[in-house]
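Accompanying notes for the structure given below.
The values are calculated or read from the model by the stated rules, or taken from the named source; none is laboratory data. All figures in this text were calculated on a predicted structure; none of them were measured in a lab. Methodologically, a virtual Cβ is constructed for each residue, glycine included, from the backbone with ideal geometry; neighbour enumeration extends over all protein chains shown.
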Ligand code: SF4
């Protein structure tokens, strides 16, 4: 199982609060490697902080369960989508 990202792209457009990605945007919070048409242009080489499943193994394995981690990530995804008035078709649902 992996995190069911709906590829809305909003995390890539809102990175200004992520210190590890300070060098990935030009002050506008949008990752300079993000394409509105194609998504992440460096997907295979993207940083660890952008990798939800690998991030769990690296940082949260001994902290919370995978299910809790997915639920918390989904909450953030869905809050961001609601704030940006994205269609409900993009909501992340953890089953
Ligand atoms: S905000 Fe969530 S659902 Fe949207 S692309 Fe990022 S991880 Fe995927």
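If you go through the stretch 74-88 one residue at a time, how many are farther than 14 Å from residue 14 by Cβ and within 11 Å of the ligand (Cβ to nearest atom)?
Matching residues across the stretch 74-88 total 2.
Yes/no per residue for (1) surrounded by 15 or more Cβ atoms within 10 Å (Cβ to Cβ); (2) within 9 Å of the ligand (Cβ to nearest atom); (3) at pLDDT below 95; (4) not in a loop (DSSP other than H, G, I, E, B):
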{"position": "3", "(1), (2), (3), (4)": "yes, yes, no, no"}
{"position": "9", "(1), (2), (3), (4)": "yes, yes, no, no"}
{"position": "13", "(1), (2), (3), (4)": "yes, yes, no, no"}
{"position": "23", "(1), (2), (3), (4)": "no, no, no, yes"}
{"position": "27", "(1), (2), (3), (4)": "no, no, yes, no"}
{"position": "30", "(1), (2), (3), (4)": "yes, no, no, no"}
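Suppose we filter the stretch 43-68 for residues that are out of contact with any helix residue (DSSP H, G or I) (no Cβ under 7 Å at 6 or more places or on another chain) and in a helix (DSSP H, G or I); how many remain?
Qualifying residue count, the stretch 43-68: 9.
Are any of the residues in the stretch 64-74 in contact (Cβ under 8 Å) with a residue 60 or more places away in the chain and more than 19 Å from residue 93 (Cα to Cα)?
Looking through the stretch 64-74, none of the residues is in contact (Cβ under 8 Å) with a residue 60 or more places away in the chain and more than 19 Å from residue 93 (Cα to Cα).
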